Amino acid sequence: MKVIKAGFNYSQDGPGNRLVFHLQGCNMHCPWCANPESMDVNGCMMVKDEGIINPSFQEYTVEELIEEAKECSGMFFSGGGVTISGGEPTLQFEELKAFLSGLHRNGIQTAIETNGTHPRIEELFPVLDLLIVDLKHIDDEIHKKFTGLSNKRTLETLKKAFLAKQKMWVRTPLIGGFNDKEEYAGKFAGFYRQYDTEHAGFELLLYHEYGKEKWRQCKMEYTMKDAFVDESIRGIYEEEYRENGLCVIRT
Ligand code: SF4
């Protein structure tokens, strides 16, 4: 598998202390991406200030990654485990499935962070303790314009997961000039409330620029401007969600 980096993170990528693997490649191209080095499936060369040039990923076998996770299992406290993120982890679908199955077989809690576009994603549900899906916009035209892809497959994935009662966190990054209008909150909630959302938590994340420097290192232009959103927008979304019976979470 093509792995950009692996490291521990507490609670933001699933419950407890987790070993998070970021995989190479994404089928979207979000201009706010915090891991721009992950976008190209073939990777990129990252140029650091000291003039050091490194490829964005290294390759490992599924067996090597399972062994690494097993060796770290003493660190999975507070309900932790392994989260596989990206990029978009489902682009390496067969390897991802084998990796999750191996972790599950070894009693390690599993989660993935995905944009929800893979048409066979439900094949992962039996070996997935938590599915984390980003729905970036409910309006398909705006979604397409900013990410390069339709939101239709993501909506389909959410529907499948709700119907399967898959434990899930549904996340939306709130981004100025993209989805920060009050009117969108009701539209997102209107989609979710068609389903039984008992097994899902919903989180709104505020725009940040933590990945900006990496765009420069990958020789790509960071085009986002004035995209910070006020906390009050998050409050409006959260209130709308609660009024529609959705469980709002903050991690
Ligand atoms: S879907 Fe996620 S990983 Fe892919 S480009 Fe967008 S923000 Fe980056």
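Would you tally the residues in the stretch 168-201 being away from the ligand (no atom under 16 Å from the Cβ), buried (at least 18 other Cβ atoms within 10 Å of the Cβ) and closer than 19 Å to GLU156 by Cβ?
Here the count works out to 6.
Hey, does the stretch 15-26 have a residue that's β-branched (Val, Ile, Thr) and surrounded by 17 or more Cβ atoms within 10 Å (Cβ to Cβ)?
Yes, some residue in the stretch 15-26 is β-branched (Val, Ile, Thr) and surrounded by 17 or more Cβ atoms within 10 Å (Cβ to Cβ).
Looking at GLY86, GLY80, can you tell me which residue is within 30 Å of LYS187 (Cα to Cα), of a type outside the set (Lys, Arg) and touching a Gly at 6+ places or on another chain (Cβ under 9 Å)?
Result: GLY86 is the single residue among GLY86, GLY80 that is within 30 Å of LYS187 (Cα to Cα), of a type outside the set (Lys, Arg) and touching a Gly at 6+ places or on another chain (Cβ under 9 Å).
Can you pull out every residue in the stretch 137-148 that is in contact (Cβ under 8 Å) with a residue 12 or more places away in the chain, outside any loop (DSSP other than H, G, I, E, B) and surrounded by 22 or more Cβ atoms within 10 Å (Cβ to Cβ)?
Residue satisfying the conditions is THR147 alone.
Of ASP180, ASP226, which residue is on the phi > 0 side of the Ramachandran plot, outside any helix (DSSP H, G or I) and touching a residue at least 12 places away in the same chain (Cβ under 8 Å)?
It is ASP226.
Output the qualifying pairs, or none if there are none: Cβ atoms under 7 angstrom, residues six or more apart or on different chains, first residue in the stretch 107-136 and closer than 15 Å to ALA164 by Cβ and among the acidic types (Asp, Glu), second residue away from the ligand (no atom under 16 Å from the Cβ) and part of a helix (DSSP H, G or I).
Close Cβ pairs (under 7 Å, with a partner that is away from the ligand (no atom under 16 Å from the Cβ) and part of a helix (DSSP H, G or I)) amount to GLU122/LYS160; GLU123/LYS97.
Which of the numbered conditions does VAL62 fail, given that it passes all the others? Conditions: (1) more than 16 Å from the ligand (Cβ to nearest atom); (2) under 20 Å from PRO31 (Cα atoms); (3) not charged (D, E, K, R).
Tallying (1) more than 16 Å from the ligand (Cβ to nearest atom); (2) under 20 Å from PRO31 (Cα atoms); (3) not charged (D, E, K, R), VAL62 fails exactly one: (2).
Per-residue answers, yes or no, for (1) under 15 Å from the mean Cα position of the chain (by Cα); (2) exposed (fewer than 14 other Cβ atoms within 10 Å of the Cβ); (3) in contact (Cβ under 8 Å) with a residue 60 or more places away in the chain:
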{"site": "LYS159", "(1), (2), (3)": "no, yes, no"}
{"site": "TRP215", "(1), (2), (3)": "no, no, yes"}
{"site": "LYS219", "(1), (2), (3)": "no, yes, yes"}
{"site": "ARG242", "(1), (2), (3)": "no, yes, no"}
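Is it fair to say HIS22 is under 18 Å from ASN9 (Cα atoms), at pLDDT 95 or above and within 15 Å of the ligand (Cβ to nearest atom)?
yes
Would you be able to tell me the number of residues in the stretch 92-119 that are buried (at least 18 other Cβ atoms within 10 Å of the Cβ), outside any helix (DSSP H, G or I) and over 18 Å from the mean Cα position of the chain (by Cα)?
Qualifying residue count for the region: 1.
Are any residues in the stretch 26-51 touching a Ser or Thr at 6+ places or on another chain (Cβ under 7 Å) and more than 9 Å from the ligand (Cβ to nearest atom), and if so, which ones?
Of everything in the stretch 26-51, those that are touching a Ser or Thr at 6+ places or on another chain (Cβ under 7 Å) and more than 9 Å from the ligand (Cβ to nearest atom) turn out to be GLU37, GLY43, CYS44, MET46.
The values are calculated or read from the model by the stated rules, or taken from the named source; none is laboratory data. If you're wondering where the values come from, they're calculated on a predicted model, not measured in any experiment. Virtual Cβ from ideal backbone geometry, glycine too; neighbours counted across all protein chains shown.
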